[in-house]
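Peer 1: The structure's right below; bear with me while I get my questions together.
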Amino acid sequence: MGQDVSEALIEAAAVPEDVLVSLDLEIGDERFAVLALRRGEALQVWHNVCPHAGRRLDYAPGKFLMHGGRLVCAAHGAQFSLDDGACVDGPGRGGRLAPLEVSRSANGWAVRQAAS
């Protein structure tokens, strides 16, 4: 069975374990900047956009500010839990990063836009 045009494939080699990475994915006709974090066989993927500031979360391509194991938005200092993408401190507290749907595939993970 071939890859669905409404999903992208992330290969395991693209996401080292316990390292937050920035990737550009193409899903259908759209391109997305995403954050990916692998822990064992589980992969979490979020849009690389601060829900408060509307800007990318990496301050330079693939470079992130971290504090106490949390991702920090360089623009306004919002802090996000990497367990669930929740904004736990700073502006936008109570919001969360927008997730993408992830499922395991033979070569890595299939990623789709999350249902609205």
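The values are calculated or read from the model by the stated rules, or taken from the named source; none is laboratory data. Bear in mind that the values here come from a model prediction, so they are computed numbers and not experimental data. Cβ coordinates were reconstructed from backbone atoms using ideal geometry, including for glycine residues, and neighbour counts include every protein chain displayed.
Peer 1: Show me the strands (runs of 3 or more DSSP E) found entirely inside segment 28-85 where at least 2 residues are surrounded by 18 or more Cβ atoms within 10 Å (Cβ to Cβ). Reasoning before the result, please.
Peer 2: Numbers: elements: 30-39, 42-47, 65-67, 70-72.
So the answer is 30-39, 42-47, 70-72.
Peer 1: Let me ask another. At pLDDT below 90 and in contact with a strand residue (DSSP E or B) (Cβ under 8 Å, 6 or more places away or on another chain), is that true of residue 47? Break it down into steps so the answer makes sense when it comes.
Peer 2: Working: at pLDDT below 90: no; in contact with a strand residue (DSSP E or B) (Cβ under 8 Å, 6 or more places away or on another chain): yes.
Criteria not met by residue 47.
Peer 1: Quickly run through segment 104-116 and pick out the residues that are in contact (Cβ under 8 Å) with a residue 40 or more places away in the chain and hydroxyl-bearing (Ser, Thr, Tyr).
Peer 2: Within segment 104-116, the first condition is being in contact (Cβ under 8 Å) with a residue 40 or more places away in the chain, and the residues that meet it are 104-105, 107-113.
Selection gives 105 alone.
Peer 1: While we're on this one: Does any residue in segment 17-36 that is among the polar types (S, T, N, Q) come within less than 7 Å, Cβ to Cβ, of a residue that is assigned to a loop (DSSP other than H, G, I, E, B) six or more places away or on a different chain, and which pairs are these?
Peer 2: Partner pairs satisfying both residue conditions: 22/48; 22/58; 22/61; 22/62.
Peer 1: Could you identify the single residue in 39, 55, 93 that is free of Cβ contacts under 8 Å to residues at least 60 places away in the same chain, out of contact with any Pro (no Cβ under 8 Å at 6 or more places or on another chain) and in the same structural domain as residue 13 (by TED's automatic domain parsing)? Lay out the reasoning, then the answer.
Peer 2: On the way: 55 fails: in the same structural domain as residue 13 (by TED's automatic domain parsing); 93 fails: in the same structural domain as residue 13 (by TED's automatic domain parsing).
Every option except 39 fails the conditions.
Peer 1: Let me ask you something else. What's the number of the condition residue 101 fails, among (1) free of Cβ contacts under 8 Å to residues at least 24 places away in the same chain; (2) more than 15 Å from residue 45 (Cβ to Cβ); (3) in a strand (DSSP E or B)?
Peer 2: All conditions pass for residue 101, except number (2).
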